[in-house]
Every structure is written in C-alpha cells, then in structure tokens.
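Novice: The structure that follows is given in the form of structure tokens.
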Amino acid sequence: WSVKGYPLKGPRGDITGGIVVTLDITERKKAEEKIQKFNRELLRMNEELKSVDRIKNEFLSNLGHELKTPLSSVIGYSELLDSLTLGELNEVQKKACESIYRNAEKLRRLIDSLLYLSYVNSGKIEYNFELMHISSSIDEALAKVSRKLEDKSITVDKRISHNLSFINAEPEKIQELLYNILDNAIKFSYEGGKIEICAYVHEEKMLKIEITDYGIGIPSDKLDDLFALFHQIDGSMNRRYGGTGVGLYICKNIVMAHNGSIWITSQEGKGTTIHVLLPLKGKQSDRKEYINFPDN
Ligand SMILES: Nc1ncnc2c1ncn2[C@@H]1O[C@H](COP(=O)(O)OP(=O)(O)O)[C@@H](O)[C@H]1O
Ligand SMILES: [Mg+2]
C-alpha cells in the first residue's frame, strides 16, 4: 500500500483537518519487479550472445585453418601436374587438372574471406604497415588474376604515374584490396573486354587508383549499398556470377584502416570504375597496430 497525507488549512492558515489517501500499489510493484527481472534476463542473454559470438569466431578461424591445410596440398599438386613437372598429360587430363586447380583456388579465396570476416568480427585485425610502392602491388594482384583474364580474353591497360611516392600501407592487404576489385572487374566484364588501371597523385597528398571495366555496370540506385556485408545486386545475379558479397566489404575495411576512401561510379550497361584514395607517405606508425573497425 502507498499512504499519503495532505493537511487541510483554514482561512487563517491553521490546520483544520486532513486527507489521507491510500493506494493499492500491488500491481505497480509487480510490474516493476517484472521489468527488473526482464532487464536482468536481457543482460544475461547479452552476455551469453557475446560468448556465443566469441565461440563462433574462434570456430570459424579454426575451421578456416583446418580447411586450408589439405587445400594447399590440392592446389600445390594440381599446379605441379598442370605445369607438367610430374610428366606429360594428354588434353583431357590437362583440362581436368586445370579444373581442379581453378576450383581449389576458388575455395581458398572463400576460406580466406571467411577467415578475414572472423578477424573483423572479433574486432581485431593485425596490420603491419611499411613504406611501399603501389606499382608492385598492382603487378602482384594482376599476376593472381592472370588466368581469369586469359579465360575471358580480357586485356589490361595499366597507367601508373612516374612521380608516385610511397604509401604507408601493408602490402598484403593492399594486394587483397586490388585483387577483390580486379576479381569483380573481370567477373562483370564481357568476353574480350578491357580493364584500365590508373594510379596518379591526387591533390599532392593522395594516391588515386582507378580501376575501370566496360562490363555490365550497376544501376545508379544500387550503388550505395554495395559495400555492405553480403550485399549483391540480386539473387539471380548471384546465381549467374557467383560470389558471396564479401569482397567490397573487405575492400572498404582495408581502405578505412589506411585512412583512405573508396567509392564507385558506374553506368548500367556501360561499365564501372572503382575509385580508391590512399594517403601518400603517411606518417610512419609502429610496425604492429591493432585496428578496431566500426560496423559497416
Ligand atoms: N565491377 C563491377 N561491375 C558490376 N557490378 C559490380 C562490380 N563490382 C561489384 N559489383 C556488384 O557489387 C556486388 C558486391 O561485390 P562483392 O562484395 O565483391 O561480392 P561478390 O563479388 O562476391 O558478389 C556484386 O555482387 C555486384 O552486384
Ligand atoms: Mg567480388
């Protein structure tokens, strides 16, 4: 019960009587207790979810490593067979071998994306910055996609400005960035198409990289969401072109970690350009840094 008293005053201010109000607050108390119980439950569930998330990320990371070990042997041996180091192959055997290699390579990329996501989700990803030149990264990324380029008879036009200075970046991550962009450019190009890669100094302080394809392009109302995790333009496209919708999310994370920016311009049916800005010769940071990513 809640009991409250109010004095009643006469015309000269003297107390002439009083009112006592008694309220049955059993229901309110019950409701308050319910809310408190509910809050405690929510807190407990939140803790539980956090630990499930931790376990999930650990599991993904372990699974990734476990899958990669046997896969490297598949890739290694199919490469050896394909290069004829282990003896001659007839045409059919060579085709089979190429197919094993290509698909195993695809699987490896998928596992790498999975691992990357588990690192990003656990909030910590390791970056080893060093002063590096972009042209070697571009060449290495191009070497990684050379087979795909050949398969679709796509030519690459590369224009790297000579006055480019260094960037403070992690070579492996920059390669990953360029690989993902090139992979899309090839995937969404037509047979016999062309890809242009430009790198030049932008407003004295920035390195500008533009990767252009003349493929299917992107409708203008779809441009904004593409960097979100698992985002692909639509399901039927997904079936037609494959992929998981992780590539551009990874690209954005990498560029952000380097204090840069990334955006897309595109014309449906004409082609797409991915623009990347990275600070040139940024201030030297420690060799090892941990970076927390905000959610996309
Ligand atoms: N060069 C491009 N041309 C046309 N569409 C593109 C291009 N790059 C990306 N996209 C669109 O953005 C989506 C997300 O790309 P990404 O994150 O790399 O995922 P994935 O390649 O696995 O589908 C693609 O599915 C596609 O719809
Ligand atoms: Mg992709």
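Novice: Can you give the charge dipole size of the chain about its Cα centre, rounded to the nearest 20 debye, using +1 on the beta carbon of Lys and Arg and -1 on the beta carbon of Asp and Glu?
Specialist: Using Cβ point charges on Lys, Arg, Asp and Glu, the chain gives about 1100 debye.
Novice: Would you mind telling me the antiparallel percentage of the DSSP bridges in the chain, rounded to 5?
Specialist: DSSP beta bridges in the chain are roughly 85 percent antiparallel.
Novice: Continuing with this model, one more query. Using the eigenvalues of the Cα gyration tensor, what equivalent ellipsoid semi-axes result for the range 1-69 when each is taken as the square root of five times the eigenvalue, whole Å, largest first?
Specialist: So the equivalent ellipsoid measures 64, 12, 4 Å along its semi-axes.
Novice: So how long is each side of the range 33-121 along the principal axes, counting just the alpha-carbon atoms, biggest first, in Å?
Specialist: Principal extents (largest minus smallest coordinate, Cα): 79, 18, 16 Å.
Novice: If you average 1/r over every pair of different alpha-carbon atoms in the chain and take one over that average, what Kirkwood value in Å do you get?
Specialist: 23.5 Å
Novice: Output the Kirkwood hydrodynamic radius of the range 128-291, Cα pairs only, in Å rounded to one decimal.
Specialist: Computed over the range 128-291, the radius equals 16.2 Å.
Novice: Could you work out the helix-only [θ] at 222 nm for the chain, with each DSSP H run of four or more residues adding -39,500 (n - 2.57) and the total divided by the number of residues, to the nearest 500 deg cm²/dmol?
Specialist: One gets -16500 deg cm²/dmol as the mean residue ellipticity at 222 nm.
Novice: Let me ask something additional. Indicate the gyration tensor shape class of the range 224-275 (rounded, prolate or oblate), computed on the Cα atoms with a ≥ b ≥ c the square roots of the eigenvalues: a/c under 1.5 is rounded; otherwise a/b larger than b/c is prolate and the rest oblate.
Specialist: It comes out oblate by the Cα gyration axes.
Novice: At q = 0.16, 0.22 Å⁻¹, what log₁₀ I(q)/I(0) does the range 199-260 have when each alpha carbon counts as one equal point scatterer in the Debye sum?
Specialist: With one equal scatterer per Cα and no solvent, log10 I(q)/I(0) is -0.68, -1.07.
Novice: Looking at the range 73-147, I'd like the Rg to Rh ratio, where Rg is from alpha-carbon atoms and Rh is Kirkwood's inverse mean 1/r.
Specialist: 1.11
Novice: Oh, and also: Cα centroids of the range 129-144 and the range 239-257: how far apart, whole angstrom?
Specialist: When both Cα centres are located, 19 Å separates them.
Novice: Identify which of LYS148, LYS158, LYS34 has the largest mean-square fluctuation in a Gaussian network model of the chain, with springs joining Cα atoms closer than 10 Å.
Specialist: LYS34
Novice: If the elastic network links every pair of Cα atoms under 10 Å, which of ASN184, ASN128, ASN163 fluctuates the most in the Gaussian network model of the chain?
Specialist: Among ASN184, ASN128, ASN163, the largest GNM mean-square fluctuation belongs to ASN163.
Novice: I would also like to ask the following. Under 10 Å, Cα contacts only: if you run a Gaussian network model on the chain, which one of LEU149, LEU114, LEU43 comes out with the highest mean-square fluctuation?
Specialist: LEU43
Every number in this text was worked out from the coordinates using simple rules, so none of it is lab data. Remember, predicted model here, so these are calculated numbers, not experimental data. All Cβ positions, glycine included, derive from the backbone under ideal geometry; neighbour counts span all protein chains shown.
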